[in-house]
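Notes follow once the structure below has been shown.
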Amino acid sequence: MFPKKISAIKFEVLSPQEVRRMSVTKLVTPETYDDDGFPVEGGLMDTRLGVIDPGLKCKTCGGKAGECSGHFGHIELAAPVIHVGYAKIIARLLTGTCRECGRILLKDERRDKFIREIERLKSLGQSYEEVLKEVFRLTKAVKKCPHCGAEQLEIKFEKPTSFFEVIDPEVKEEEKLTPKDVRERLEKIPNEDLLAFGLDPKAVRPEWLVLTVLPVPPVTVRPSIILETGQRSEDDLTHKLVDIIRINQRFIENREAGAPQQILEDLWELLQYHVTTYLDNEVSGIPPARHRSGRPLKTLAQRLKGKDGRFRGSLSGKRVNFSARTVISPDPCISISEVGVPEEIARELTVPIFVTPNNIEIAKQIILRGEHPKASYVVRADGKKIRIIDTNKEELAEKLEPGWIVERELTDGDIVLFNRQPSLHRMSIMAHYVRVLPYKTFRLNPAVCPPYNADFDGDEMNLHVPQSLEAQAEAKMLMAVQEHILSPRFGGPIIGGIHDHVTGLYLLTRGNKEFSKEEALEFLRSVDVSEIPAKDKYTGKEIFSLILPKISIKFKAEVCQGCEVCKEENCENDAYVVVENGQLLKGTIDEKAVGAFKGIIIDEIMRKFGAMATKKFIDDMTKLAIGVISRLGFTIGIDDEDIPREAAQQIEETIAEAEKRVEELIKAYREGNLEPMPGRSIEETLELRIMQELGRARDRAGKIAGRYLGMDNSAVIMAVSGARGSMLNLTQMAACIGQQSVRGERLTRGYAYTHRTTSHFKPHDLGAKARGFVRNSYKSGLSPIEFFFHAAGGREGLVDTAVRTSQSGYLQRRMINALQDLKVEYDGTVREQTSGVIVQFKYGEDGVDPRKSFRGKAVDVKRIIKEVLGEVKE
Amino acid sequence: MKVSLQDHVLVPKHEILKESEVEELLKLLGVSKEQLPKIKAMDPIVKEIGAKPGDIVKITRKSHTAEFSVFYRLVVE
Ligand SMILES: [Mg+2]
Ligand SMILES: [Zn+2]
Ligand SMILES: [Zn+2]
Ligand SMILES: [Zn+2]
């Protein structure tokens, strides 16, 4: 079969004739099934519309359930009703045309100018909505028809489907236009005028926008389901269609019986309501139609719209087999390339074994097994799937022959794909090797949290089992965790030490600490090292060197305080790392060396020794770090933020001083003595100066607190090594929380129109306290007013994240849609997949794979020079 | 006063590809002319170098990472 190229898709509006033409029958009765349970003729389950019950045959085509895809029927509406989806267009047409002659309320030349503009934009593939709005705006203002001279009345459109004509705007006299009136007016509009409203007369006549006959979708579109109780439960669409037919019949009966006008009008309104909610049950302005249980019905628009709608739910997104999902938890004892899978899941998921003469004996043994990595199914060469149970396994093992497939339970060493949503980059799905473990969570090494952006506060992850040898090979080669240690996002490592890994190595390597043989062995217990030099004492640096591959590198550590002239090797802060030939000679190992985003050592090993060596290093490094921190112990408690009385005194004074200066600033402002800063008003100047003053006060308070906390304080260790937290966090805990802000300004709004934030202050108080400065620390505790300001500032952060995630999510969807068919070919060009159109002649203009780049640059020139000059020992 | 767009620092070098070069390029890439990126004939730079619809323009841009990057565009109406 040749693929056919679709050049265009054209949408048209169904005409009443077309609806009748495609209908196999007119439906007249609201009954669905008779007492014997057979579909009623002329009812909504009429067998001419197709069949869903097995055994019955379609009366139109003779097909059985499954063979016949169904046929449309129709309902002849007793009175015309407005189609909600077209109400807005109808409003434009009524406003834009003469109530007498039906012509557009524009002179022909004007009309033709607009038509030409619309044609022009159409040919450019651009939106002409603005032109239509302009036509609407112009025609709305016309009082007299330029063609027949008739006076025009204003048309009022009341959502969702009502139209009125304003007879006298003074006394608000209005007359309702029935759908019948509307339809008659639309009938009068000539084809030539339609173009100016953006309608193609070949595709639509405006009167078709008012329904006189309603197509009824086949039963296959709205199948009834049989409940466990044996009762039939109809589809929501059927319920709605029953309502429409019932009211329609009642309308006809009443009209024939000569019922009063009022009753007919009420029924007409009701018919309109039912047809409207049949098309869209989430129209604003009318209550949604509900099921007996109170649940709103899912009608036509609801089937298509939204996340679970036909487009996003059924066409773009589908469910998959051979997958599992559960909560994740950490396990530092497994490798970064492994994933812990609960037994329960491992017993459910299967991997196919394709039986060949070579593995048939193994396959037989698997079938005969009685416990865990059992076989659940065999698939015969003819494709028939047989469940293996105790009673048939001997027989199946006997019959087994090459060409069959044995489906074996998941077990240690199988390759699986592991994923955490939102899958924003390629590292969101990586291949791990299975480790079947007890309990009910997926286990992963905390070092792979950064690429997944996972934590263990209840996050869930998905797991998929590749089902072909090709897929398994691809997963192992291309998707394995170690292949993603370097990120294409910034050309550096994204997998590495976090939290305790950093702290542990910091404690181990800082300074010239010595450890006894026993301690050293305990640190290295779970680490994969084969040779340890025999000694009585080991320095931390020596122990770390044991896991280090033979690299040579020099860099400034995270603990570096950025001295004006770096003393390099002689840094008295031990902040200059020197590694020579795999020996750590100088410096502290911290976030800069092994961290998940900075990790210079990880980067270096990856470039020099490749993925497997780096994987081993990360496994060893994390285990060593955990060994160290477990043995030495590392805790943080409330008294870690205790500061001596004199420090508190100093902080108190600093802040009091700053508050005094703020008062002085305010005084100067009130007296008109404040000098404005360039380009700022006096008010802005005052605010900036106050913010500056208070910001400085907090920094000073933080410095004071920092001096007294010292380098052996756990929180300080975490902050300086980059493991977790910052000095600012510490300042806020121990010294002073500082200014709270909303939108970058001090808190200004609040408490009605009285120019004060809360009623505890005098109006127009601009002081530090009154505008959200929190002088307390988290340790000392906030006053109620401070607490309120803190909550106000904190809320902004929450709102920001909520807004940002939804926006970036949508941005991502759009970008993926735009780029999904692009591929980098073997010749380096980027091409669109189906048309072969070239997008770039060399990927990224330079052909550089950002993952293999050096932090975004194509080459690391410095390094090449060093290697050429032999400064780096190979 | 007549100014040359090519003299501006932000306008990369544009030149018309010779018939033989066109053939060579298309053969190298294994594509038809239509599969190349496009540039409008009314584009000021296209007018300046006098390229006509059907011609292929070679654009040589400066690049931070690769020094020069070469791009081709088919001139269209
Ligand atoms: Mg979480
Ligand atoms: Zn049929
Ligand atoms: Zn008229
Ligand atoms: Zn230094």
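The values are calculated or read from the model by the stated rules, or taken from the named source; none is laboratory data. For clarity, every value in this text was computed on a predicted model and none was experimentally measured. Note that each Cβ is placed from the backbone with ideal geometry, even for glycine, and that neighbours are counted across all protein chains shown.
A few comments on the model shown:
- Residue match in the stretch A:91-104 (condition: away from ligand 3 (no atom under 16 Å from the Cβ) and assigned by TED's automatic domain parsing to the domain that holds residue A:159): yes
- When residues of the stretch A:419-442 are limited to those that are in a strand (DSSP E or B) and within 16 Å of ligand 1 (Cβ to nearest atom), the one surrounded by the fewest Cβ atoms within 10 Å (Cβ to Cβ): A:419
- Pairs linking a residue in the stretch A:793-818 that is outside the structural domain of residue A:737 (by TED's automatic domain parsing) to a residue that is at pLDDT 85 or above and of a type in the set (D, E, K, R), with Cβ atoms under 6 Å and 6 or more positions apart or on different chains, do not occur.
- For the stretch A:65-87, filtered to residues that are modelled with pLDDT of 85 or more and more than 24 Å from residue A:277 (Cβ to Cβ), the residue that is farthest from ligand 3 (Cβ to nearest atom) is A:67.
- Count of the stretch B:12-24 residues, restricted to those that are surrounded by 16 or more Cβ atoms within 10 Å (Cβ to Cβ) and more than 14 Å from chain A (Cβ to nearest Cβ), is 3.
- When residues of the stretch A:457-470 are limited to those that are surrounded by 13 or more Cβ atoms within 10 Å (Cβ to Cβ) and of a type in the set (A, V, I, L, M, F, W, C), the one nearest to ligand 3 (Cβ to nearest atom): A:461
- From the list A:507, A:548, the lone residue that is away from ligand 4 (no atom under 16 Å from the Cβ), in a loop (DSSP other than H, G, I, E, B) and of a type outside the set (Gly, Ala, Ser) is A:548.
- With a requirement of 1 or more residues that are at pLDDT below 90 and in contact with a strand residue (DSSP E or B) (Cβ under 9 Å, 6 or more places away or on another chain), the helices (runs of 4 or more DSSP H) lying completely within the stretch A:319-408 that satisfy it span A:393-399.
- For the stretch A:451-493, residues that are of a type outside the set (Gly, Ala, Ser) and under 21 Å from the mean Cα position of the chain (by Cα) total 14.
- In the set (1) within 37 Å of the chain's Cα centre (by Cα); (2) β-branched (Val, Ile, Thr); (3) in a helix (DSSP H, G or I), residue A:635 fails one condition alone, (3).
- Only listed residue being buried (at least 17 other Cβ atoms within 10 Å of the Cβ) and either within 16 Å of ligand 3 (Cβ to nearest atom) or away from chain B (no Cβ under 14 Å) (or both), chosen from A:454, A:473: A:454
- Every pair of residues 6+ apart whose Cβ atoms lie under 6 Å, when the first sits in the stretch A:80-103 and is at negative phi while the second is basic (Lys, Arg) and in a helix (DSSP H, G or I): A:80/A:180; A:80/A:183; A:95/A:140
- Residue A:816, sole failed condition from (1) touching a Leu at 6+ places or on another chain (Cβ under 7 Å); (2) β-branched (Val, Ile, Thr); (3) more than 14 Å from chain B (Cβ to nearest Cβ): (1)
- Only residues that are within 16 Å of ligand 4 (Cβ to nearest atom) and assigned to a loop (DSSP other than H, G, I, E, B) were counted in the stretch A:557-597, giving 20.
Listed here are the residues, each with its yes/no results for (1) in a loop (DSSP other than H, G, I, E, B); (2) closer than 25 Å to residue A:835 by Cβ.
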residue: B:10; (1), (2): yes, no
residue: B:15; (1), (2): no, no
residue: B:46; (1), (2): no, yes
residue: B:51; (1), (2): yes, yes
residue: B:68; (1), (2): no, no
residue: B:72; (1), (2): no, yes
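- The combined condition, being more than 16 Å from ligand 1 (Cβ to nearest atom) and at pLDDT 95 or above, is not fulfilled by residue A:520.
- Selection status of residue A:628, touching a helix residue (DSSP H, G or I) at 6+ places or on another chain (Cβ under 7 Å) and closer than 16 Å to residue A:450 by Cβ: no
- Enumeration of residues in the stretch A:55-75 that are touching a helix residue (DSSP H, G or I) at 6+ places or on another chain (Cβ under 8 Å) and either near ligand 2 (Cβ under 9 Å from one of its atoms) or within 14 Å of chain B (Cβ to nearest Cβ) (or both): A:57, A:58, A:59, A:60, A:68, A:69, A:70, A:71
- Answer residue from the stretch A:27-54, given it is of a type in the set (D, E, K, R) and loosely packed, with under 14 Cβ neighbours inside 10 Å and is farthest from ligand 2 (Cβ to nearest atom) among those: A:35
- The set of residues in the stretch A:758-792 being in contact (Cβ under 8 Å) with a residue 24 or more places away in the chain and over 19 Å from residue A:658 (Cβ atoms) consists of A:758, A:760, A:778, A:779, A:788, A:792.
- The lone exception for residue B:27 - which of (1) without any contact (Cβ under 8 Å) to a residue 24 or more places away in the chain; (2) away from every other protein chain (no Cβ under 11 Å); (3) surrounded by 13 or more Cβ atoms within 10 Å (Cβ to Cβ) it fails: (3)
- Filter result (more than 14 Å from every other protein chain (Cβ to nearest Cβ) and either surrounded by 13 or more Cβ atoms within 10 Å (Cβ to Cβ) or touching a residue at least 24 places away in the same chain (Cβ under 8 Å) (or both)) within the stretch B:48-69: B:48, B:49, B:50, B:51, B:53, B:55
- Hits in the stretch A:688-712 - residues which are surrounded by fewer than 20 Cβ atoms within 10 Å (Cβ to Cβ) and under 39 Å from the mean Cα position of the chain (by Cα): A:688, A:691, A:692, A:695, A:699
- Number of positions in the stretch A:590-630 that are surrounded by fewer than 21 Cβ atoms within 10 Å (Cβ to Cβ) and either out of contact with any strand residue (DSSP E or B) (no Cβ under 9 Å at 6 or more places or on another chain) or on the phi > 0 side of the Ramachandran plot (or both): 9
- The condition of being within 14 Å of chain B (Cβ to nearest Cβ), loosely packed, with under 15 Cβ neighbours inside 10 Å and of a type outside the set (Val, Ile, Thr) holds for only one of A:827, A:800, A:846, that being A:827.
- Test for residue A:810: is it away from every other protein chain (no Cβ under 14 Å), aromatic (Phe, Trp, Tyr) and more than 30 Å from residue A:693 (Cα to Cα): yes
- Residues of the stretch A:275-305 classified as touching a helix residue (DSSP H, G or I) at 6+ places or on another chain (Cβ under 7 Å) and either assigned to a strand (DSSP E or B) or of a type in the set (Gly, Ala, Ser) (or both), total: 2
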